[in-house]
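Below is one structure; the comments refer to it alone.
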Amino acid sequence: MHYLNIHTLYSLAYASPNRDDTGSPKTLQYGGVTRARISAQAAKRAKRIGYEYSVDGDRTHRSNLLAERITEIASDIMAQAGRPATETQKEAIKAEAAKRIGTLTKGETAATAAETKTEQDDEPKENQGNRPPEKKDTLVWLDEYEERRLTQEVITRILAAAGTPDQAATFVQPQTTQSLTIAAFGRMFANSPELQTEAAVQMSHAFTTHAAAVDIDYFTAVDDLREHGAGHLGIQQYTGGVFYQYCNVDRAQLLHSWAIAREPVAENRLAEFFAQLLCALPTGRQNNAAHHCLPKAVLMQEARQPISLAAAFDVPVTADHEGLLVPSIKALAQEHNWVRAQTPSWVGRSWATQPDLVTPTLSLEEITKAGAAWVLEGLQDAR
């Protein structure tokens, strides 16, 4: 069974982790009511960044400023070698890096990179920063090992007038990467499809298990040097509730794409990746809401194919004396049992953090280790 289906419930009291272009929390219509929503794109970025900042030696950069970064790395290497780069050499390094990076993306060369359109990003708009309007280069995603290889290729070519041909992106290995997040979430190179990495993790948009409303928060900012009145008046929009999120892990694809799956560091990195996959949330309005919460229920099940349990909440959960969380867990358990009854040979082992879902239960820390162990079991099957 190559897939691990992961179902998570978490409760946000008052937050706006992901909002639209009007500043309102994102929503969707489902089951005849409006639900609060958190986009998969925003969630994946939060989980990627959370993992990479928790693990040493597995950093990536997704940017249209990689040529500038390569120039900085090359300058440091040359300075340490006692051959500081001149300004002319720095410009040449930047141009060569841009040319080589441009071979990965559709129609991009050193001459046309500034004219290409921006590829759709998986980062929430509020986290994208102030991007210069004149720069329209396609975002390229590289891991730190690929950045180092590219830097060495560029230095060699600039200093020795040698190296690989301009059109060859030898710093990227076909369909494989040493980065766990790239292997998990995949990447596309429009001009070099043979080098792209298929995603091993699919993720749904999270939504509330019940009807949800947007609350308007009127606020004032006090001017410390004024005797009367406020220095600023404004409004912000928030929502809350019990959110359901589904994702699945394609074990065969992950082990195929992740080049260091057989190395000793693999198990710890996988455990941390699962921890972030379950816990990390987008950071919109975090300073005002501090929505730092752990998932209240996690269910993992191995299966022959991806299977979502979103239908458990087609009928919106309604609050009773136990609130919204307990009825949500019961609805998820009912859908889980229905799937097992309908497809007994399609599903295998299950792990959960709530007894209503699976007994015996695991702690959150234990279930992240169980996920890591499940992935590595695939190495035995491949022998």
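Values in this text are rule-based calculations from the coordinates and carry no lab data. Keep in mind that what you see is a predicted model, and the values were worked out from it rather than measured. As a convention, Cβ positions derive from the backbone with ideal geometry for all residues, glycine included, and neighbour counts pool all protein chains shown.
Observations
- The stretch 247-319: C-alpha gyration tensor shape, a/c 1.5 cut-off, then a/b vs b/c: oblate
- In the chain, the longest principal axis of the Cα atoms and the axis of helix 364-382 are about 60 degrees apart.
- For the stretch 302-383, the equivalent ellipsoid derived from the Cα gyration tensor has semi-axes of 27, 17, 10 Å, listed largest first.
- Between residue 340 and residue 224, the distance separating the two model label sites (each 7 Å from Cα on the Cα→Cβ line) works out to 5.9 nm.
- C-alpha long axis of helix 325-342 to longest principal axis of the chain, angle in °: 80
- HN-Hα J in Hz across the stretch 285-294 - Karplus 6.51, -1.76, 1.60, θ = phi - 60°, x for Gly and Pro: 6, 5, 5, 9, 10, 6, 7, 8, 10, 8
- Globularity index of the stretch 169-270, i.e. its alpha-carbon radius of gyration over 2.2 N^0.38 Å: 1.83
- Ascending count of other beta-carbon atoms within 10 Å, so fewest first, for 317, 214: 214, 317
- Residue 311/residue 370 FRET efficiency (R0 30 Å; Cβ-Cβ; nearest 0.05): 0.75
- Total formal charge among the other residues, if their Cβ is under 12 angstrom from that of residue 30, Lys/Arg +1 and Asp/Glu -1: +1
- Taking the Cα centre of the chain as origin and assigning +1 to Lys and Arg Cβ atoms and -1 to Asp and Glu Cβ atoms, the resulting dipole is close to 560 debye.
- Cα centroid separation, the stretch 320-369 to the stretch 172-223 (Å): 25
- P(r) tail fraction, the stretch 1-65 - alpha-carbon pairs more than 13 Å apart, %: 78
- Label selected from [x] 117; [y] 142; [z] 194, the criterion being volume of the Cα convex hull per residue in Å³ as computed here: [z]
- For the options 236, 80, 196, a Gaussian network treatment of the chain with springs between C-alpha atoms closer than 10 Å singles out 80 as fluctuating the most.
- Based on DSSP H segments of at least four residues, each scored -39500 (n - 2.57), the chain has a per-residue ellipticity at 222 nm of -10500 deg cm²/dmol.
- Sites residue 91 and residue 56, calculated FRET efficiency, Cβ-Cβ separation with R0 41 Å, nearest 0.05: 0.80
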